[in-house]
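What follows is one structure encoded as structure tokens, with my remarks underneath.
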Amino acid sequence: MNAQDVINELWKFADKDYAVHHTKFFKCFEGGYGDINDTFCGIKAGYLRSAAKKFYNKLTLEEISVLLKNHLHEARAAALIILTNKFDKAALAEKEQIVSLYLEHTTYINNWDLVDISVYKILGRYAYETDNYEILRALSQSGFLWEERMSIVANWYLIHKGEFALILELCEKFLMHKHDLIHKACGWMLREMGKVSGNGYKELLEFLEKYRFKMPRTMLRYAIERLLPEQRAYFMGK
């Protein structure tokens, strides 16, 4: 099996209307944040995951690399789903190979959906299991929007393990970031932190109290989404 076999499988589920919708939804046009060279076949999420499941143990990392470089957006999404499935069952040596491949291909992981379906399952988990958070800090310092988002969303794995220090550090770092996709990612992770039993809720409230006047409104709205109405009103200054 090779990368082209996966692409052929994806085109079996193509939908022209969905393809047009996805191009607009992921802003893959001049002036949008998506890659203007991206093409879509318009496959629905369920079919995409089904196709990826069919191939995950049949592709080498070399073929996954080919798939990750394809201009078809869903091909790259399938490659990332396959990688997460491989990573989940891999021994440490293969996990390190997968992490290296992921980091070498961040240029192609270039929209929020591609980041969000993969980074916490690979880089987040690897950082936690190896106690190597410098991987994520390095991404946060790259100046590349999608690597910055990776550094944030990777924390989803850490948060569910009760590790909050890095996400709090990064949310503080990105308070003045210019892009709303970073604001949304930070707010999302703060909200997730507040849902974790133990100190998560307390840490969230302390962060909000400290930075509520500095936080971008989008970040703040995402962060307080699960709070009580009176708490949301307080933090929004109403």
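All of the numbers you see were taken from the coordinates with simple rules; none came from a lab. Because the structure is a prediction, the values reported are computed rather than measured. Counting neighbours? That spans all protein chains shown, and the Cβs are built from the backbone with ideal geometry, glycine included.
The angle between the Cα long axis of helix 45-55 and the longest principal axis of the Cα atoms of the chain comes to about 50 degrees, rounded to the nearest 10. Here is the list for the range 31-83: trypsin sites (Lys or Arg not before Pro) lying in DSSP coil, each with at most 15 other C-beta atoms within 10 angstrom of its C-beta, are LYS44, LYS58, LYS69. Phi-derived couplings, Karplus 6.51 cos²θ - 1.76 cosθ + 1.60 at θ = phi - 60°, listed residue by residue for the range 9-23: 5, 4, 5, 5, 10, 5, 9, 4, 5, 5, 4, 5, 4, 5, 4 Hz, with x used for Gly and Pro.
For a straight C-alpha distance cut-off of 15 angstrom, the aspartates and glutamates reachable from LYS161 (same-chain residues fewer than eight places away being disregarded) are GLU129, ASP131, GLU192, GLU203. Annotation note: trypsin sites (Lys or Arg not before Pro) in the range 132-192 located in DSSP loop regions with a Cβ neighbour count of at most 14 within 10 Å are LYS161, LYS178.
Considering helices alone, the calculated mean residue ellipticity of the chain at 222 nm is -18000 deg cm²/dmol, with DSSP H runs of length four and up weighted by -39500 (n - 2.57) and normalised per residue.
For the range 27-98, count all C-alpha to C-alpha pairs, find those more than 17 Å apart, and express that count as a whole percent of the total. Of all Cα-Cα distances in the range 27-98, 48 percent exceed 17 Å.
If you wrap the tightest convex hull around every Cα atom of the range 34-192 and split its volume per residue, you get 113 Å³.
Summary: within the chain, the longest segment free of chymotrypsin sites (Phe, Trp or Tyr not before Pro) located in DSSP loops with at most 14 other C-beta atoms within 10 Å is 30-143. The overall shape of the range 122-238, judged from the alpha-carbon gyration tensor, is oblate: a/c is not under 1.5, and a/b is no greater than b/c. Angle of helix 73-89 to the longest C-alpha principal axis of the chain, folded into 0 to 90 degrees and rounded to 10: 80°. What pairs from LYS24/LYS69; LYS173/LYS238; LYS54/LYS89; LYS86/LYS195; LYS12/LYS53; LYS44/LYS89 go past 19 Å between their alpha carbons? Exceeds cut-off: LYS24/LYS69; LYS173/LYS238; LYS86/LYS195; LYS44/LYS89. Here the calculated FRET efficiency for PHE213 and LYS53, from their Cβ-Cβ distance with R0 = 41 Å, stands at 0.30, rounded to the nearest 0.05.
Over the range 149-200, what number does the Rg to Rh ratio reach, with both radii from the alpha-carbon atoms and Rh per Kirkwood? Rg/Rh for the range 149-200 comes to 0.95.
If exposed GluC sites (Glu not before Pro) are those in a DSSP loop with at most 14 other Cβ within 10 Å, what is the longest stretch of the chain that has none? No qualifying site falls inside 31-224, the longest such stretch.
Helix 92-104 and the longest principal axis of the Cα set of the chain meet at an angle near 90°.
Each part gets one Cα centre, and for the range 74-109 versus the range 30-68 those centres are 12 Å apart. Think of each Lys and Arg Cβ as +1 and each Asp and Glu Cβ as -1; about the Cα centre, that makes the dipole of the chain roughly 780 debye.
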